[in-house]
């Protein structure tokens, strides 16, 4: 009888231990994968130079257990609306403050949340080749109001400077168009718009032929690794601050390149973030340097290194080289769910 009694006690203890172990295992699983069973739809403008930063966010979300669908590509204004409506969950490349109008028009803080400082220190502006800048002492885009100066950058023999400009819908075109009016450059400068990759490729080809060039670009992007400011090209200042949002674009050192220094932030659906504290914390703590993104963007110019699959390999290499930082983001995100 005593043997049976001890057997029953032993069985109860074993059963209790199994249940306790299962509970611990379940709790550990929930801790490691707070996003399990939750589907996320990322969005991105169709810019190859933004693949890398989007992929890093996607990989981190997957480590947290979220099911992440293939990225949806659309223009920035449409992405803001899609995120506000919940059709897209997030985008990793909202340029703040450049895209503020898109944010407000899509519903603002009632539907959207801008979070974190994913890539700070993003510059934009106008550049010309260093040879022409030095020969004619050109430092300011306002000098192109002079027809003789503008003709130096004429690519199609119409007597006007050809500016390789901004794609409609990106936000930068609003600034350029406003400044062409404000600085009285309409009669001497043509703002060439279209697919930026094609326009800038033509610009670089003309530079290599020895022609004078005028173009808009931004950092982080591969262009400034090919045409290096201070060596191949020169940033141009503007006569004074003239911005459609009526903001002061002058830097602390007194320089003024016509655009505010931007921070690429993660834009997400507000309701999603409220329901998913781990994702919210991840978006808040992720950081990339302009240098790292520019280096990846330059790498993708090499044969076989362009496209989404190559950017995934670059992201894997970056994570391996920055494992401690990456794991730290995940730890903070998991802790936020407790």
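The values are calculated or read from the model by the stated rules, or taken from the named source; none is laboratory data. What you see is a predicted model, and the numbers here were worked out from it, not measured in a lab. Glycine gets a Cβ as well: all are built from the backbone with ideal geometry, and neighbour counts include every protein chain shown.
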Do we have any residue at all in the stretch 68-83 that's assigned to a loop (DSSP other than H, G, I, E, B), assigned by TED's automatic domain parsing to the domain that holds residue 270 and closer than 25 Å to residue 200 by Cα? yes
Those helices (runs of 4 or more DSSP H) lying entirely in the stretch 118-228 with at least 3 residues within 26 Å of residue 76 (Cα to Cα) and modelled with pLDDT of 95 or more: 172-182, 196-208
Which ones in the stretch 162-192 are in contact (Cβ under 8 Å) with a residue 60 or more places away in the chain and touching a helix residue (DSSP H, G or I) at 6+ places or on another chain (Cβ under 9 Å)? 169, 170, 171, 174, 179
Tell me which residues, restricted to the stretch 47-67, are more than 24 Å from residue 195 (Cα to Cα) and either under 16 Å from the mean Cα position of the chain (by Cα) or assigned to a helix (DSSP H, G or I) (or both). 56, 57, 58, 59, 60, 61, 62, 63
Test of understanding: among 315, 295, 333, 268, which residue is within 20 Å of residue 117 (Cβ to Cβ) and modelled with pLDDT under 95? 295
Given the conditions (1) assigned by TED's automatic domain parsing to the domain that holds residue 130; (2) buried (at least 16 other Cβ atoms within 10 Å of the Cβ), which single one is not true for residue 256? (1)
Being at pLDDT below 95 and assigned by TED's automatic domain parsing to the domain that holds residue 290 is the requirement here; does residue 51 meet it? no
Please find, among 286, 265, the residue that is closer than 24 Å to residue 90 by Cα, crowded, with 21+ Cβ neighbours inside 10 Å and in contact with a helix residue (DSSP H, G or I) (Cβ under 8 Å, 6 or more places away or on another chain). 286
